[in-house]
Amino acid sequence: MGGHLAAFQSRRELDAVSSKLYRNTPYWIGISDRENEGYFVTASGNRFPYLTFNEGEPNNSGGNEDCVDIYNGIMHDAQCESLRSYICQLGN
Ligand SMILES: [Ca+2]
């Protein structure tokens, strides 16, 4: 549909989106460290996305958590194969 998984530029932007989401439900966002472990970038190539990881995250648990979800406004790294709802955006 011409979009991609969403990322955020700021806390304000993240809060605006989070306010529309279901509570206690994880959503995929467009940030991962698939290319370079520990370096989280957006689907559109932004090397410095707004990140707000939960305490103790990202932990790359099991050596296999390269995608990022948002859950109650906080980010976690998780296995990319996991089923989640997701947030898309148009443009960068
Ligand atoms: Ca990782």
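The values are calculated or read from the model by the stated rules, or taken from the named source; none is laboratory data. All values derive from a computational prediction rather than experimental measurement. Cβ coordinates were reconstructed from backbone atoms using ideal geometry, including for glycine residues, and neighbour counts include every protein chain displayed. The area values use the complete protein model at the heavy-atom level, side chains included, leaving out ligands, DNA and RNA. Shrake-Rupley method; radii C 1.70, N 1.55, O 1.52, S 1.80 Å.
Restricting segment 61-70 to residues that are under 12 Å from S32 (Cβ atoms) and in contact (Cβ under 8 Å) with a residue 24 or more places away in the chain, the residue that is farthest from the ligand (Cβ to nearest atom) is D69. E37 falls short of the stated requirement of being out of contact with any helix residue (DSSP H, G or I) (no Cβ under 6 Å at 6 or more places or on another chain) and crowded, with 17+ Cβ neighbours inside 10 Å. Pairing residues of segment 19-35 that are farther than 13 Å from R47 by Cα and away from the ligand (no atom under 11 Å from the Cβ) with residues that are open to solvent by 100 Å² or more (accessible area, probe 1.4 Å) and among the aromatic types (F, W, Y), at Cβ distances under 7 Å and at least 6 apart in sequence or on separate chains, gives Y27/Y86; W28/Y86.
Note on segment 71-92: residues that are of a type in the set (A, V, I, L, M) and within 16 Å of the ligand (Cβ to nearest atom) amount to 2. The residue that is most open to solvent (accessible area, probe 1.4 Å), among those in segment 62-77 that are part of a loop (DSSP other than H, G, I, E, B) and farther than 17 Å from E13 by Cβ, is N64. For P58, state whether it is outside any strand (DSSP E or B), modelled with pLDDT under 95 and within 15 Å of the ligand (Cβ to nearest atom). The answer is no for P58. Determine if segment 12-20 includes at least one residue that is surrounded by 11 or more Cβ atoms within 10 Å (Cβ to Cβ) and assigned to a strand (DSSP E or B). Checked segment 12-20: no residue is surrounded by 11 or more Cβ atoms within 10 Å (Cβ to Cβ) and assigned to a strand (DSSP E or B).
Of all residues in segment 21-34, those being over 17 Å from I87 (Cβ atoms) and surrounded by fewer than 16 Cβ atoms within 10 Å (Cβ to Cβ) number 1.
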